[in-house]
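Engineer: There's a structure below that I have some questions on.
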Amino acid sequence: MLGGEQASPGRAHRGRSSRPGSPSGAYRADGLAFTPLSQSSKTRGGAFTFAIAFLALVVSFRWLVSLDVADRFLHEPLCALIAWLSAAVLSPFGDASVRGTFVSFDGFRVVVVDACNGVLPATIYLAAVLAFPTSWRARLWGVLIGLPSIFVFNLVRVASLLVLGAYWPAVFEEVHIYVWQTLVIALSMGVWIFWAEHFVRPETRLAPSA
């Protein structure tokens, strides 16, 4: 037995025991711990509800950002802003210029397109925050923390890719396709975990238990 202590036959288990016909007092053994069956069922139900809500929100957001109106009022201005900010960040280190969504640095030129403006990871993150069972106050904190963070991650991504293209063009495609896409997803997940630990968990601890 891993770290356990064998109970003597005459020792009664303190607390409620599993009895037929008493769902509220039923316990299930998980290793050496005893978890109420009612609590376990609530956990599974909450996870299922979160998964359904998350998938529904992801599909809804993907549909919304694919509309023509989103191109005009979201993607095009955001791509132009990222291009301008990238040039502003890199201008102290070399010859940087921008025209619309085209940005160049030391002779290497790229265009910021919809797939590079950070909207996709932002919608996935937003769906995870809104679908999570917590208060609207905590959700608001999640939005205020996460969306600017993802925007900054993406700005660093575009600026670093311009530097790579200008000085190390041989690795540009690999870093663009594999490294930075993975990093943006991982960093977005990290922000979500930070939000859940620091803004959702404290509310759960303060909530009265049933």
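Engineer: Return the residues of the stretch 169-181 that are more than 20 Å from Leu126 (Cβ to Cβ) and out of contact with any helix residue (DSSP H, G or I) (no Cβ under 7 Å at 6 or more places or on another chain); say none if nothing qualifies. Write out each step before concluding.
Structural biologist: Initial filter on the stretch 169-181 (more than 20 Å from Leu126 (Cβ to Cβ)): 169-180.
Matches in the stretch 169-181: Pro169, Ala170, Glu173, Glu174, Ile177, Tyr178, Val179.
Engineer: In the stretch 68-90, is there at least one residue being among the hydrophobic types (A, V, I, L, M, F, W, C) and farther than 23 Å from Phe153 by Cα?
Structural biologist: First pass over the stretch 68-90, keeping only residues among the hydrophobic types (A, V, I, L, M, F, W, C): 69-70, 73-74, 78-85, 87-90.
Next cut, farther than 23 Å from Phe153 by Cα only: 69.
Yes, there is a match, as at least one residue in the stretch 68-90 is among the hydrophobic types (A, V, I, L, M, F, W, C) and farther than 23 Å from Phe153 by Cα.
Engineer: Hey, among Val110, Val143, Val98, which residue is β-branched (Val, Ile, Thr) and assigned to a helix (DSSP H, G or I)?
Structural biologist: On the way: Val110 fails: assigned to a helix (DSSP H, G or I); Val98 fails: assigned to a helix (DSSP H, G or I).
Unique residue meeting the criteria: Val143.
Engineer: Hey, can you tell me all the residues within the stretch 113-134 that are part of a loop (DSSP other than H, G, I, E, B) and touching a residue at least 60 places away in the same chain (Cβ under 8 Å)?
Structural biologist: Residues of the stretch 113-134 that are part of a loop (DSSP other than H, G, I, E, B), as a first pass: 113, 117-118, 132-134.
Result: Gly118, Phe132, Pro133, Thr134.
Condition check ((1) at pLDDT below 95; (2) not polar (S, T, N, Q)) across all residues:
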| residue | (1), (2) |
| --- | --- |
| Ser41 | yes, no |
| Arg44 | yes, yes |
| Ile52 | no, yes |
| Ser60 | no, no |
| Pro77 | no, yes |
| Ser97 | no, no |
| Asp114 | yes, yes |
| Asn117 | yes, no |
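Engineer: For the stretch 173-196, does any single residue satisfy the condition of being within 20 Å of Leu74 (Cβ to Cβ) and in contact with a Phe, Trp or Tyr (Cβ under 9 Å, 6 or more places away or on another chain)?
Structural biologist: Checking the stretch 173-196: at least one residue is within 20 Å of Leu74 (Cβ to Cβ) and in contact with a Phe, Trp or Tyr (Cβ under 9 Å, 6 or more places away or on another chain).
Engineer: Tell me yes or no: at least one residue of the stretch 149-165 is within 17 Å of Met189 (Cα to Cα), buried (at least 18 other Cβ atoms within 10 Å of the Cβ) and hydroxyl-bearing (Ser, Thr, Tyr).
Structural biologist: yes
Engineer: Another one. For the stretch 65-92, give me the residue count where each residue is closer than 22 Å to Trp168 by Cα and without any contact (Cβ under 8 Å) to a residue 12 or more places away in the chain.
Structural biologist: Here the count works out to 3.
Engineer: Over 21 Å from the mean Cα position of the chain (by Cα) and either surrounded by 15 or more Cβ atoms within 10 Å (Cβ to Cβ) or part of a helix (DSSP H, G or I) (or both): does that describe Ala186?
Structural biologist: On the way: over 21 Å from the mean Cα position of the chain (by Cα): no; either surrounded by 15 or more Cβ atoms within 10 Å (Cβ to Cβ) or part of a helix (DSSP H, G or I) (or both): yes.
No: the conditions fail for Ala186.
For (1) over 18 Å from the mean Cα position of the chain (by Cα); (2) at pLDDT 95 or above, each residue gets a yes or a no:
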position	(1), (2)
Phe151	no, yes
Val163	yes, yes
His176	yes, no
Val191	no, yes
Ala196	no, no
Phe199	no, no
Glu203	yes, no
Ala207	yes, no
Ala210	yes, no
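Engineer: State the number of residues belonging to the stretch 128-144 that are buried (at least 18 other Cβ atoms within 10 Å of the Cβ) and closer than 12 Å to Trp195 by Cα. Walk me through it before giving the result.
Structural biologist: Here is the first cut: in the stretch 128-144, the ones buried (at least 18 other Cβ atoms within 10 Å of the Cβ) are 128-129, 131-132, 134, 138-139, 142.
In the following step, the residues that additionally are closer than 12 Å to Trp195 by Cα were identified as 128-129, 132, 134, 138-139, 142.
Here the count works out to 7.
The values are calculated or read from the model by the stated rules, or taken from the named source; none is laboratory data. In this text, all values refer to a predicted model and were calculated from it rather than measured experimentally. Heads up, the Cβs are rebuilt from the backbone with ideal geometry, glycines too, and the neighbour counts pull from every protein chain shown.
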